[in-house]
1. For V337, indicate whether it is out of contact with any helix residue (DSSP H, G or I) (no Cβ under 6 Å at 6 or more places or on another chain), within 30 Å of V11 (Cβ to Cβ) and buried (at least 18 other Cβ atoms within 10 Å of the Cβ).
2. So is S256 part of a helix (DSSP H, G or I) and polar (S, T, N, Q) or not?
3. Out of all the residues in the stretch 89-117, which are closer than 23 Å to G22 by Cα and in a loop (DSSP other than H, G, I, E, B)?
4. If we scan the stretch 261-268, do we find a residue that is touching a helix residue (DSSP H, G or I) at 6+ places or on another chain (Cβ under 8 Å) and in a loop (DSSP other than H, G, I, E, B)?
5. Which residues, counting only those in the stretch 235-274, are acidic (D, E) and crowded, with 23+ Cβ neighbours inside 10 Å?
6. Looking at A246, A216, A262, which is the one that is without any contact (Cβ under 8 Å) to a residue 12 or more places away in the chain and closer than 26 Å to D19 by Cβ?
7. Does L223 satisfy the condition of being surrounded by fewer than 21 Cβ atoms within 10 Å (Cβ to Cβ), in the same structural domain as A191 (by TED's automatic domain parsing), of a type outside the set (K, R) and in a loop (DSSP other than H, G, I, E, B)?
Amino acid sequence: MTKNNVANYPVVIHLVPYDGIGGVETAARSMADFKQDGTNFQVNYIFSALSVSRHRFPLFNPFPYFDVARRIIAARPDILIVSLWRSCAVAFLVKLIFPRIRVVLFLHSTEDVHFPDRLLTRLTAMISHQIWADSKATLVRRLPDCRLTKNGKVISFVIHHIFAPEKRLVEAVFIFWGRIHALKRLERALAIFANIHAVHPEARFIIIGPDGGELARLQKLILSMGLTHAVRFAGEMNFSEIKCLAKDASFYLQTSELEGMAMSVVEGMQLGLVPVVTPVGEISSYCRHQKNSLLITSDRGVAEDILALLNDPQKYEQVRNRAIATWVAKPLYAESVVNACLEIYSEINDEG
């Protein structure tokens, strides 16, 4: 094995395009706080968050791709985990020069976002040792014809164990955190909220996250809907800040058209928020309508469901408690990743 191993631990690099607030980036960062003997684990980025935040040109600049490939080859890791399509491009460069490396393709969504994503994901599957996914739905639906998905691994996306606040009265206070992006379909969330606001003028909706290209349009929409006093864009926040705002909320409202595990939904449930969500990706497997969540099949229908819970505090508390219980004693992301890496390393040693 590689000379970089410390106490015969495998050297593992997880490559992510850039650091940010998304579920992929948040999960990758959580490895830094995880203390367990067994791996020498690093997270590398193709681009600096600063360069990406200033303008989009660096994302299409080829030099960072070659530079990070050079750094990975110099580190000579045993395992290279790649998340998202830009990282897949680097995997090819690394595998070409360092063929002994084991590439792990990590999938985070049930569907391809665009053609480059579709192409690079499938090509990377061909050179991968193993495929991981953030959920069973992602593993089954994303690459249904790939032989590696049959023995692929589902990695837990519970980043941390969270203690929910004490029992509280249900109020018409909604919260969302994530990218303000077209895929999140926040205009639909606003339409649902507007139905609640018409009955409960005191209702509030807090939207947390960086602009992914939709902020200006949504601000104009809110103005046209007469909701400027009821909807607040809070900007980007760390999780400690999010938890402080979530204490005053009763519902987590998300109307995405595309998700994998949907980590923010998991976090919301752990915090004692009743999720009001579209049943996309893995959400449909862990959210049960009227049991631990409200699933959105029609805007008017789910608005009526929300109003019913607002009028029945006891029922709300039952749904809330089941949402919290959904994630009690589940394994952490970091534990799941380390165990999967050690399995691969064991295979490497068995091969001699």
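The values are calculated or read from the model by the stated rules, or taken from the named source; none is laboratory data. None of the values given here were measured: they were computed from a predicted structure. Reconstructed Cβ throughout: ideal geometry from the backbone, glycine too, with neighbour counts over all protein chains shown.
1. On the way: out of contact with any helix residue (DSSP H, G or I) (no Cβ under 6 Å at 6 or more places or on another chain): yes; within 30 Å of V11 (Cβ to Cβ): yes; buried (at least 18 other Cβ atoms within 10 Å of the Cβ): yes.
Judged against the criteria, V337 is a match.
2. So S256 fails the test.
3. H108, S109, T110, E111, D112, V113, H114
4. Among the residues of the stretch 261-268, at least one is touching a helix residue (DSSP H, G or I) at 6+ places or on another chain (Cβ under 8 Å) and in a loop (DSSP other than H, G, I, E, B), which makes the answer yes.
5. Of everything in the stretch 235-274, those that are acidic (D, E) and crowded, with 23+ Cβ neighbours inside 10 Å turn out to be E259, E267.
6. Criteria check complete, one pass: A216.
7. Numbers: surrounded by fewer than 21 Cβ atoms within 10 Å (Cβ to Cβ): yes; in the same structural domain as A191 (by TED's automatic domain parsing): yes; of a type outside the set (K, R): yes; in a loop (DSSP other than H, G, I, E, B): no.
Against the criterion (surrounded by fewer than 21 Cβ atoms within 10 Å (Cβ to Cβ), in the same structural domain as A191 (by TED's automatic domain parsing), of a type outside the set (K, R) and in a loop (DSSP other than H, G, I, E, B)), L223 does not qualify.
A quick yes/no check of all residues on (1) modelled with pLDDT under 85; (2) among the hydroxyl-bearing types (S, T, Y); (3) part of a helix (DSSP H, G or I):
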{"residue": "L119", "(1), (2), (3)": "no, no, yes"}
{"residue": "W132", "(1), (2), (3)": "no, no, no"}
{"residue": "R141", "(1), (2), (3)": "no, no, yes"}
{"residue": "T149", "(1), (2), (3)": "yes, yes, yes"}
{"residue": "H161", "(1), (2), (3)": "no, no, no"}
